[in-house]
Amino acid sequence: MPEIIYEDEDVLVLNKPAGLAMHPTHNHQGDTLANAVTGYLRAKGSDPTVRAVGRLDKQTSGAVVLALNKLSAAALVGKVEKTYLALVCGIPDEEGEFDLPIIRPDPMKTLRSVGEDGLPALTRYRVLATDGTVSLCEVRPVTGRTHQIRVHFSSAGFPLLGDDMYGASDLTRHYPLVARAALHCSRVCFTSPVNGRELSLTAPMPEDFEGTVRQISGGKA
């Protein structure tokens, strides 16, 4: 079971590790986040039905919001603000945004790309640190398209470190801790459907990400 960041009768927020799929698929039947949460809730005698309010790619770590009933799911859909940390190859402008539509060129593949006829997609970012080769960016996706952050940075010439799908250069030998697309959902903000309280919840960085951040920051996280 992933680390629990927050829990009440309507919402469960977890810190998903990289490499854990969200839901069962052909390749992942019993080793998913949904399976773990279902087992956890059954052990508590609670309704095991969960609804993810936004999903993370298998490779992406960080905060995942799960609604524990239909009412909370309806209250939260489209209302969760996410902040990510991304390690990107190169040095983007100090801050900026990508307002580029995203398409799915082949419906049989998960790969996405920028395309004129795609769905609107907006990503805002700022650079927090760089060692001249890799940059740590704070990223706020305004929309929530599949692979949005990865596609937007790649299209601008700054693919995520370790992201072979979207053209990352072979830098992992210099940053050996990262063996995946270096993306972490560090914070989620939303209004509690229980009491109306504004919640801002932080997911600690995993070791591979934190270690690489220290590397590019000269030993300072």
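At pLDDT 95 or above and either surrounded by fewer than 16 Cβ atoms within 10 Å (Cβ to Cβ) or within 16 Å of the chain's Cα centre (by Cα) (or both), is that true of A74? Taking the combined requirement at face value, the residue does not satisfy it.
Checked across the stretch 128-140, the condition of being surrounded by fewer than 18 Cβ atoms within 10 Å (Cβ to Cβ), closer than 23 Å to V53 by Cα and of a type in the set (D, E) holds for at least one residue.
Looking at D47, D57, which one is part of a loop (DSSP other than H, G, I, E, B), at pLDDT below 95 and under 19 Å from A179 (Cβ atoms)? Let's see the steps before the verdict.
Values: D47 fails: under 19 Å from A179 (Cβ atoms).
Answer to the selection: D57.
Candidates in the stretch 83-113 are the residues that are closer than 25 Å to G19 by Cβ and in contact with a Lys or Arg (Cβ under 7 Å, 6 or more places away or on another chain); of these, the one that is surrounded by the most Cβ atoms within 10 Å (Cβ to Cβ) is R112.
Yes/no matrix, rows are residues, columns are (1) in contact (Cβ under 8 Å) with a residue 24 or more places away in the chain; (2) in a strand (DSSP E or B); (3) not charged (D, E, K, R):
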residue: E138; (1), (2), (3): yes, yes, no
residue: R145; (1), (2), (3): yes, no, no
residue: A168; (1), (2), (3): yes, no, yes
residue: L177; (1), (2), (3): yes, no, yes
residue: H184; (1), (2), (3): yes, yes, yes
residue: V194; (1), (2), (3): yes, no, yes
residue: S200; (1), (2), (3): no, yes, yes
residue: P204; (1), (2), (3): yes, no, yes
residue: F209; (1), (2), (3): yes, no, yes
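With the condition kept exactly as written, say whether any residue in the stretch 149-166 is under 20 Å from V64 (Cα atoms) and either modelled with pLDDT of 95 or more or surrounded by 17 or more Cβ atoms within 10 Å (Cβ to Cβ) (or both). Yes, because at least one residue in the stretch 149-166 is under 20 Å from V64 (Cα atoms) and either modelled with pLDDT of 95 or more or surrounded by 17 or more Cβ atoms within 10 Å (Cβ to Cβ) (or both). Answer yes or no: is there a residue in the stretch 193-201 that is farther than 23 Å from A67 by Cα and either surrounded by 18 or more Cβ atoms within 10 Å (Cβ to Cβ) or of a type in the set (A, V, I, L, M, F, W, C) (or both). For the stretch 193-201, residues farther than 23 Å from A67 by Cα and either surrounded by 18 or more Cβ atoms within 10 Å (Cβ to Cβ) or of a type in the set (A, V, I, L, M, F, W, C) (or both): absent. Filtered by the rule that a residue be in contact with a Lys or Arg (Cβ under 8 Å, 6 or more places away or on another chain) and either under 21 Å from Y175 (Cβ atoms) or surrounded by fewer than 16 Cβ atoms within 10 Å (Cβ to Cβ) (or both), the stretch 114-123 gives a lone residue, L119. In the set (1) in a helix (DSSP H, G or I); (2) under 19 Å from the mean Cα position of the chain (by Cα); (3) free of Cβ contacts under 8 Å to residues at least 24 places away in the same chain, V37 fails one condition alone, (3).
The values are calculated or read from the model by the stated rules, or taken from the named source; none is laboratory data. Note that this is a predicted model, so its numbers are computed, not measured. Glycine also receives a Cβ, built like all others from the backbone with ideal geometry; neighbour counts cover every protein chain displayed.
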